[in-house]
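Please read the structure below before turning to the comments.
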Amino acid sequence: MKLIKQILIILILALPLISISQDFTPSKKTLKADAVFESNELLKALGMYSKAYEKAKSKPEKAYCRFMIAECYRLMGNTRKAESKYKSAIQKKYSDPIAYLYYADMLKANQKFDAAKEQYDIYIEKVPDDERGKMGSISCDKVVEWMKIPTRYIIRNMRDFNTKHSEFAPAYANDTYTEVYYTSTNPKDNYTKISMVTGDYFSDIYVSEQDKKGEWSDPVYVDDTICSPYDDGAVAFSSDYRTLYFTRCKIIKNTRLGCQIYKSKINSEGLYEVAEAIPLVHDSISVGHPSISSDDLTMYFTADMYGGKGGKDIWRVERTSKSGDWGKPINMGDQINTKGNEMYPYIREDGRLYFSSDYLPGIGGLDIFVATPKGEDLWQVQNMKYPMNSAQDDFSIVFKGNKEEGMFSSTRKKITILRQDNEDASIEEEELKSRGKEDIYHFILPPLEYDISATIIDANTTDPIDSASVQIIGSDGTDIVLQIDEDGFFKYSLKQNTDYIYIIRRKNYLYGKGEASTKNIANSKHFTKKIVLAKIGEPIQIDNIFYDLGKWDLREESKENLNQLIGILNDNPTITIELSAHTDMIGDEKSNEILSQKRAQSVVDYLIKKGINPERLVAKGYGESVPKEINKKLAKETSFKVGEVLTEDFINALKENAKTEELGQELYDEANQVNRRTEFKVLSTTYIPDI
């Protein structure tokens, strides 16, 4: 997608001449509109095609005019109107299948991804050899996935810079990153003219400074030594910030003459010298978007010239000294450049090259990509994904040195970012709105933060356990012991890509153990745990152990909690336990005793099957002989009070004394349910395990 700034400084190159095969004899009005379009006067051409459409007598000519109206809107950045006009051209049987490709591009830019994929697939059928259709179809699949899981970049609109006009191509102008130059079509005075090519004011270079409080000053345009009556912008600086490089695109009598890269040095008085063009290529070739390496010996730029890979390509030139002449342009190769357009190169100090492409699989028109060097002329290219990229054009990224922070430009109007909290899976909605046609955005990638916090509680009382310690062991070699505070709480910061085990120890309690890992976690995460310790000698209920009525076979859903018991036994290899089963007060006493014994044995059999030595296990069925005494944990979970014992007399009295028959039955059933339980308690701590 070639939007408005691609026609201004962004695209920097003259539009191609019309080479569309026509199956009709065009009228004089259509021919005149074509001539104006070829001279890049898009705004004027738009009106002329509209008039030609009204006067056209043949259906093919009407379809052609409709298509060219769509072209004008597309190139001027109005994706919604372009979408509508491409659709109309197709409905009017426009003959060139390219309409389906551009229609799909506009649908994708307007975030209609399913509809866009349909049009890309139609184009693939009509023109199977054109990779653009395939790339577009692939992009529609990827964008849905990327938008569901956005990257961690935090983005905000630079409202101090942005106006209702276009602001783009920021560049830091000092080593403290408190001064920013950028390009804007906001008129600098009452004499600023409107370009008939774009329908917007000619662009100038503006500057804003940040004070100690972090506030940005009102932007002012750079003096007339730099700013001309033409389109000026897309700035870059030398490593010492004493030399300014920028693009200038001259337009005379509404005809674009091409673009060149200029430079201007700051003199001893702190003023810019007269800007001069840098002779990189022949004058007939447009170049722009300069980026300078940290040693000032390599310049990267954009151009469409012989030896390229397709549309606009990224090239580089080198020199042997800072005062030397630039050498012959070198194409960055087919790992960077494609059949589409690659623009806005930005080279970082570590050698990573950032650029924008409208061909590689992405979300919208221009997407920002990062190319990491992997050897001589070898690169690994990755899309920066959502929300750095959007369904619209995203381009001209710059960084604060080695920090993962900086600015970029975008034509996005409004996006909603959905971020999921790793801990509670809640969704946080973040809305981002633009102010004008193109806006500058600030971005930062916050550092990853991981930690674990836990509360240690007693299994029966649910009270916090103090005087405990926690040993934290990490796969990175960490081995540290922390004391748990009087509230039974501890917190510890974790490292990235590390597996952790933590062991809780407290006198007269079984060990508690858990795991946490920061491997393969893309976002910050806070592990919150509640660790339950069982006191030695007290019966501990195993929740959610289920049997069918009158049977003793373990149901499948019971095994998860029994697996936790296996963990306790493995973590405490010197203990032996009694596995006890208890029934309710319903039925005869002898039958309940037999049933509970079989149930206890079925639990023991399961533990033995899972590798626990039978010498460590005793099965005991108590039937209804040991009614449950309510502890603090059960008091919170049931209708009963601490200390109440659920004997048969107590249960019957509950039923008889209830205010209503219905309530009495509920209490009766609940009490019997509490009595139906499986528990374990430690018998000894001196078992010697096999080695």
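The values are calculated or read from the model by the stated rules, or taken from the named source; none is laboratory data. Quick caveat: nothing in here was measured; it's all calculated off a predicted structure. A quick note on method: Cβ atoms are made from the backbone with ideal geometry, for glycine too, and the neighbour counts reach across all protein chains shown.
For the range 599-619, a residue qualifies if it is of a type outside the set (V, I, T), surrounded by fewer than 17 Cβ atoms within 10 Å (Cβ to Cβ) and more than 12 Å from T576 (Cβ to Cβ), and the qualifying residues are D605, K609, K610, G611. For the range 65-96, residues that are farther than 23 Å from D23 by Cβ, assigned to a loop (DSSP other than H, G, I, E, B) and not small (G, A, S) total 1. Given the residues V642, V618, which is the only one that is modelled with pLDDT of 95 or more and of a type in the set (A, V, I, L, M)? Of the residues listed, the single one that is modelled with pLDDT of 95 or more and of a type in the set (A, V, I, L, M) is V618. Only one entry in G308, G288, G324 is free of Cβ contacts under 8 Å to residues at least 40 places away in the same chain, surrounded by 15 or more Cβ atoms within 10 Å (Cβ to Cβ) and not hydrophobic (A, V, I, L, M, F, W, C), namely G308.
Taking K29, is it basic (K, R), crowded, with 17+ Cβ neighbours inside 10 Å, part of a helix (DSSP H, G or I) and modelled with pLDDT under 95? Yes: the conditions hold for K29. Being out of contact with any helix residue (DSSP H, G or I) (no Cβ under 9 Å at 6 or more places or on another chain), closer than 26 Å to T338 by Cβ and assigned to a loop (DSSP other than H, G, I, E, B): is that true of T163 here? No: the conditions fail for T163. Contact map, the range 233-250: residues that are under 17 Å from N267 (Cα atoms) paired with residues that are among the hydroxyl-bearing types (S, T, Y) and surrounded by fewer than 24 Cβ atoms within 10 Å (Cβ to Cβ), Cβ distance under 6 Å, separation 6+ or inter-chain. Pairs shown: S239/S294; L244/S264. Scan the range 536-589 for residues that are in contact with a Lys or Arg (Cβ under 8 Å, 6 or more places away or on another chain), hydroxyl-bearing (S, T, Y) and surrounded by fewer than 18 Cβ atoms within 10 Å (Cβ to Cβ) and the total you get is 1. Screening the range 200-215 for residues that are of a type outside the set (D, E, K, R) and out of contact with any Lys or Arg (no Cβ under 9 Å at 6 or more places or on another chain) and picking the one that is surrounded by the most Cβ atoms within 10 Å (Cβ to Cβ) gives I205.
Considering the range 485-501, and only residues there that are in contact (Cβ under 8 Å) with a residue 40 or more places away in the chain, loosely packed, with under 14 Cβ neighbours inside 10 Å and not small (G, A, S), the residue that is nearest to N520 (Cα to Cα) turns out to be Q496. Listed by position, the strands (runs of 3 or more DSSP E) contained in the range 438-494 that have at least 1 residues being farther than 30 Å from T411 by Cα and of a type in the set (V, I, T) are 450-458, 469-474, 479-483. Mind listing whichever residues of the range 103-131 are under 18 Å from K62 (Cβ atoms) and surrounded by fewer than 24 Cβ atoms within 10 Å (Cβ to Cβ)? Within the range 103-131, none qualify. The residues of the range 502-533 that are among the basic types (K, R) and surrounded by 13 or more Cβ atoms within 10 Å (Cβ to Cβ), listed by number, are R505, R506, K513, K525, K529. When D458, D485, D499, D463 are screened for being farther than 30 Å from P539 by Cβ and either of a type outside the set (A, V, I, L, M) or in contact with a Pro (Cβ under 7 Å, 6 or more places away or on another chain) (or both), only D499 passes.
If we keep just the residues of the range 454-484 that are among the charged types (D, E, K, R) and under 39 Å from the mean Cα position of the chain (by Cα), which is surrounded by the most Cβ atoms within 10 Å (Cβ to Cβ)?
Residue satisfying both the conditions and the ranking: D476.
With respect to (1) in contact with a strand residue (DSSP E or B) (Cβ under 6 Å, 6 or more places away or on another chain); (2) exposed (fewer than 15 other Cβ atoms within 10 Å of the Cβ); (3) of a type in the set (A, V, I, L, M, F, W, C), the lone exception for V274 is condition (1). Within the range 627-642, being buried (at least 17 other Cβ atoms within 10 Å of the Cβ) and either among the acidic types (D, E) or more than 26 Å from E589 (Cα to Cα) (or both) holds for one residue alone: K633. Looking at D543, D553, just one residue is farther than 26 Å from E637 by Cα, touching a strand residue (DSSP E or B) at 6+ places or on another chain (Cβ under 9 Å) and at pLDDT below 90, and that residue is D553.
Of the residues making up the range 49-80, those that are of a type in the set (K, R) and surrounded by 17 or more Cβ atoms within 10 Å (Cβ to Cβ) are K62, R66, R74.
Of the strands (runs of 3 or more DSSP E) lying entirely inside the range 315-419, the ones with 2 or more residues being in contact with a strand residue (DSSP E or B) (Cβ under 7 Å, 6 or more places away or on another chain) and of a type in the set (D, E, K, R) are found at 367-375.
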